[in-house]
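One structure is given below, encoded as structure tokens.
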Amino acid sequence: MNHRFSTLHILLLAAGIAGATGAHAAEINTLQLLSQAQFRGLSEDLGAALSFKPLIPSESLGLTGFDVGIAVTGTKLQNRAAFQTAAGGASVPATLPVPTLRVHKGLPLNIDIGATYSAVPSSNVRVIGGELRWAVLPGSTLVPAIALRASVTRLSGVDQLEFGTTGLDVSISKGFAMFTPYGGVGTVRTKSDAQGSATQVTESFSQGRVFAGVNVSLGLVNLAFEGDKTGDATSYGMKFGLRF
């Protein structure tokens, strides 16, 4: 077990170094410069980028199952100019990288819980998230697994913005040897409130979501690759996990 967690620590360090050197995001600290329309656009992009990303098939991990991993997603910003204004005119990448530490645990009755922590490199954006997933159809060698998921994320680190998302989706997956394709549809509800601002009112809205991916099992190690479209923004992600 100690060897497993030592390996994970090394991977986390490598991911952190890569994120810090490869990203140019900036701190969100000038929301007062945004019009209401720009604030809405920024909120939509943040809702797509920071909402919970599954990166795991529908089937339950089982009562004793754990999945611990690191992931990174990149979301193509639809309102990059608004993001740059909110960051005081600093350079903002066209695709926003979001590295994430992820932990999933199996529970009785085909229920899994998950928790995530994200930090956008070179910015003040920090996000915690969680999911509760129920495999209503556990799946078998002949039948796919079908799951219902409820998820939440909450922003921290940005003094000017109170921000969070809630999500609901249904997904399906089916294993074939070492590969488990999966996909799903759902909705993401975003609430975005500029703190102490006289120029923006709170934005609260829903965006449709569709996602698909594949999990590759290599014994202890599993890899996941996923595409996601939330609203008008497209995200791509990958995860390295240790499952035991």
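Before moving on, here are some points about what is shown:
- Of the criteria (1) touching a residue at least 60 places away in the same chain (Cβ under 8 Å); (2) in contact with a Leu (Cβ under 9 Å, 6 or more places away or on another chain); (3) open to solvent by less than 40 Å² (accessible area, probe 1.4 Å), which one A87 fails: (2)
- Verdict on G157 being open to solvent by less than 60 Å² (accessible area, probe 1.4 Å) and more than 23 Å from E44 (Cβ to Cβ): no
- Within the stretch 117-132, being open to solvent by less than 50 Å² (accessible area, probe 1.4 Å) and among the small types (G, A, S) holds for S118, A119, S123, G129, G130.
- For the stretch 164-178, the condition of being within 15 Å of A48 (Cβ to Cβ) and of a type in the set (V, I, T) holds for at least one residue.
- Test: residue in the stretch 215-224 that is touching a strand residue (DSSP E or B) at 6+ places or on another chain (Cβ under 9 Å) and farther than 17 Å from L61 by Cα: no
- Count of the stretch 165-203 residues which are open to solvent by 20 Å² or more (accessible area, probe 1.4 Å) and over 23 Å from T116 (Cα atoms): 14
- If you go through the stretch 205-218 and keep only what is in contact with a Lys or Arg (Cβ under 9 Å, 6 or more places away or on another chain) and open to solvent by 60 Å² or more (accessible area, probe 1.4 Å), you end up with S206, V210.
- Residue check: A135 meets all listed conditions (1) farther than 15 Å from L50 by Cα; (2) open to solvent by 10 Å² or more (accessible area, probe 1.4 Å); (3) touching a helix residue (DSSP H, G or I) at 6+ places or on another chain (Cβ under 7 Å); (4) not β-branched (V, I, T) but one, namely (2).
- Looking across V214, V188, V170, one residue alone is assigned to a strand (DSSP E or B) and in contact with a Phe, Trp or Tyr (Cβ under 6 Å, 6 or more places away or on another chain). It is V214.
The values are calculated or read from the model by the stated rules, or taken from the named source; none is laboratory data. What you see is a predicted model; the values in this text were computed from it and never measured. Here Cβ is always computed from backbone atoms with ideal geometry, including for glycine, and neighbour counts include all displayed protein chains. Accessible surface is based on the protein model in full, side chains and every heavy atom, while ligands, DNA and RNA are left aside. Shrake-Rupley method; radii C 1.70, N 1.55, O 1.52, S 1.80 Å.
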